[in-house]
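Asks: Sharing a structure, written as structure tokens. Questions coming.
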Amino acid sequence: MTYKYFSPFLFSLILSSCTMSPDFMRPDFSAASTWDPMLGYDIPVGENNVNTLDWKDFFKSQELCHVIEIALHNNKDLKLAVLNINEARALYQVERADLLPSLNANGTGSYEKSSDKSSLTGTAQKTEIYKANLGLSTYELDFFGKIRSLTSSALNEYLATQEARSVVQSTLIADTANAYLQLLADKKLLALTRQTLVAQQRTYNILVESLSHGLSAEQDVARAATAVETAKANLHQYNRFVALDRNALFQLMGVANDDDLLPETTLDGIKITENLDPGIPSEVLIKRPDIRQAEHLLLARNADIGAARAAFFPSITLTGSFGYATQSLSTLFTSGAEGAYSFLPQITLPIFQGGRNRAQLDLAQVRKEQAIVAYEKAIQTAFKDVSNQLANRATLDKQLDAQRRLVAAAQKVYKISEARYKFGIDSFLSVLDAQRELYTFQQEEIEIQRKRLSNLVYLYKALGGGAPSS
């Protein structure tokens with residue numbers, strides 16, 4: 001090949017700058033092609049697509065939206081995720097800058113004077129030299145795509161960091177909503193316990209009064225006292241739970257504990273969108289931010305292999321400058337100045353590196369395999385998350401309906417037991433048992449009610465909801 005044809009070829013090669021990275025292929029899903037059905041239950045199907053349903057539309061209660069909005073503005077984890085994005089963006093810009101040459105303007109001046117004794121000619125001499133030039137810093141020609149591979153790696157690290165921020169936001173929305181639901185549930189349990197304690201205390205007082213008149217047994221009084229103390233113990237427990245719930249919620253909100261920031265509502269007043277469309281796993285999972293994050297990290301590791309391969313080949317760097325030199329500063333930028341330039345191309349061929357380049361390539365390949373496994377694990381974890389929430393969704397409605405019927409039946413048993421006791425048909429033990437069962441069933445109803453709402457929140461998150469639209 002003659003020089004005439006070599007120059008255009010070299011120029012086009014520089015422009016194209018092909019990399020030596022392997023062709024990227026997204027790993028196949030190892031998850032099932034459909035969501036796992038439960039025997040005897042249908043997978044709930046709705047018309048709301050999570051990826052087009054903004055979290056403000058998903059949560060229909062203004063109270064929930066209020067606490068979530070505060071968390072999104074103040075939560076420290078989310079702020080740290082944003083700072084990580086800024087860091088990754090800056091690192092990408094640093095790598096990207098290496099694709100272009102750096103030009104620097106330089107100016108120098110030297111003044112030297114010798115005495116009669118120090119001069120070689122025996123006569124004192126004075127020398128002045130002033131230079132101004134435009135210099136090309138060491139610039140590597142990216143023949144084998146090393147710099148472009150590093151830039152691609154940095155870009156995907158940056159994109160992965162963006163997705164990590166989306167993961168944090170999606171998790172924050174779900175955790176804040178569920179912390180608020182837990183607080184409301186414990187407040188409802190606290191109110192139920194207070195109501196139960198009042199009823200049991202009233203019963204105990206009646207029995208004590210009856211005992212003083214010989215109309216009741218000491219055993220009944222003792223049993224009533226046990227029920228009162230149990231309710232008091234539960235009261236202290238739920239007071240503690242409410243305090244802990246407040247602390248957890250305020251931490252997620254990223255603000256100081258201030259009850260004025262918490263809107264007044266009840267668990268019964270919370271409304272959340274229920275008819276979510278679970279979609280097809282292959283379409284839903286790939287849109288989750290944690291899956292997109294794992295894919296970008298895999299792309300980054302793939303690019304690292306290209307950079308490691310390019311290290312086996314020669315590198316060519318260019319250094320040069322062009323400017324003017326003169327013996328007088330006043331004539332430096334006039335026609336009296338003389339041109340001065342330098343051009344220093346350099347080629348470096350790796351011959352012996354002690355196995356460093358081979359080790360770097362092996363390391364890059366191992367890290368890619370790790371990224372593949374991490375990607376596949378993220379897919380499997382996401383599939384499990386959605387499947388679990390769909391299983392809860394299919395059963396919690398029916399469980400809550402059954403529990404409410406159980407509470408209604410227990411209330412009827414309690415009323416009948418009270419009536420039979422007043423007419424002397426049954427002992428107080430039957431009343432106490434009925435009261436204890438009713439309280440337990442009411443507690444379970446509240447907990448199932450909270451779980452049902454919490455399931456909707458986590459199903460929304462599992463399907464990729466709550467993340468910023470990309």
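Asks: Whole Å is fine, so just give me how far the alpha carbon centre of the stretch 240-271 lies from that of the stretch 52-109.
Replies: Spelled out, the Cα-based centre of one part sits 28 Å from the other.
Asks: Taking 0.36 nm per residue of separation and subtracting the Cα-Cα distance, what length does fully extending Thr348 through Asp23 add?
Replies: Difference between extended and current length: 114.2 nm.
Asks: Ok, one more. Explain nothing, just compute: Karplus ³J(HN,Hα) = 6.51 cos²θ - 1.76 cosθ + 1.60, θ = phi - 60°, for every residue of the stretch 41-50 in order, whole Hz, x for Gly and Pro.
Replies: 10, 9, 5, x, 10, x, 10, 8, 7, 4
Asks: Further, regarding this structure: Quick one: go through the stretch 257-278 and flag any residue whose amide nitrogen is under 17 Å from the point 7 Å out along the Cα-to-Cβ line of Gln195.
Replies: Correct set: 265-270.
Asks: Can you tell me the Rg and Dmax of the stretch 53-100, counting just the alpha carbons, in angstroms?
Replies: 17.2, 53
Asks: With every protein chain left in place and a probe of 1.4 Å, what is the accessible surface of Val168, to the nearest 10 Å²?
Replies: Counting only protein heavy atoms, Val168 exposes about 40 Å² to solvent.
Asks: Within the stretch 168-259, what whole-number % of the accessible surface is contributed by carbon and sulfur, with the 1.4 Å probe and all protein chains included in the calculation?
Replies: Solvent-exposed carbon and sulfur of the stretch 168-259 make up 55 percent of the total.
Asks: Now for a separate question. Report the calculated FRET efficiency for Lys377 and Thr127 (r = Cβ-Cβ distance, R0 = 51 Å), to the nearest 0.05.
Replies: Calculated value: 0.10.
Asks: Also: Grab the Cα-Cα distance for Ala233 and Lys271, subtract it from 0.36 nm times how many residues apart they are, and report the gain in nm with one decimal.
Replies: 10.5 nm
Asks: Note down the accessible area of Glu447, probe 1.4 Å, to the nearest 10 Å².
Replies: Looks like 60 Å² after rounding.
Asks: Order 231-243, 418-430 from most to least packed using the mean count of other Cβ atoms within 10 Å.
Replies: Put in order of decreasing packing, that is 231-243, 418-430.
Asks: Continuing with the same structure: So, R0 is 35 Å and r is the distance between the beta-carbons of Leu261 and Val45; what FRET efficiency does that work out to, to 0.05?
Replies: Rounded to the nearest 0.05, the efficiency is 0.40.
Asks: Taking amide H atoms as placed 1.01 Å from N in the peptide plane, list the residues 5 or more away in sequence, or in a different chain, whose amide H sits under 5 Å from that of Asp426.
Replies: Tyr421
Asks: Between Gln62 and Ile280, what is the label-point separation in nm under the 7 Å Cα-to-beta-carbon projection?
Replies: Placing both labels 7 Å along Cα→Cβ, they lie 4.2 nm apart.
Asks: Taking amide H positions as placed in the peptide plane 1.01 Å from N, state which residues far from Gly320 in sequence (5 or more) or on other chains have amide H under 5 Å from it.
Replies: Hits under the 5 Å cutoff: Leu136, Leu344.
Asks: OK, next. Sorted by mean Cβ packing within 10 Å, highest first, what order do the peptides 264-276, 196-208, 304-316 take?
Replies: Ranked by mean Cβ neighbours within 10 Å, highest first: 304-316, 196-208, 264-276.
Asks: So if R0 is 51 Å, what FRET efficiency would Ser110 and Leu363 give, r being the distance between their Cβ atoms, rounded to the nearest 0.05?
Replies: Computed FRET efficiency for Ser110 and Leu363 comes out at 0.60.
The values are calculated or read from the model by the stated rules, or taken from the named source; none is laboratory data. What you are looking at is a predicted structure, and each value in this text was computed from that prediction instead of being measured. Here Cβ is always computed from backbone atoms with ideal geometry, including for glycine, and neighbour counts include all displayed protein chains. Calculation scope for accessible area: heavy atoms of the full protein, side chains included, ligands and nucleic acids excluded. Shrake-Rupley method; radii C 1.70, N 1.55, O 1.52, S 1.80 Å.
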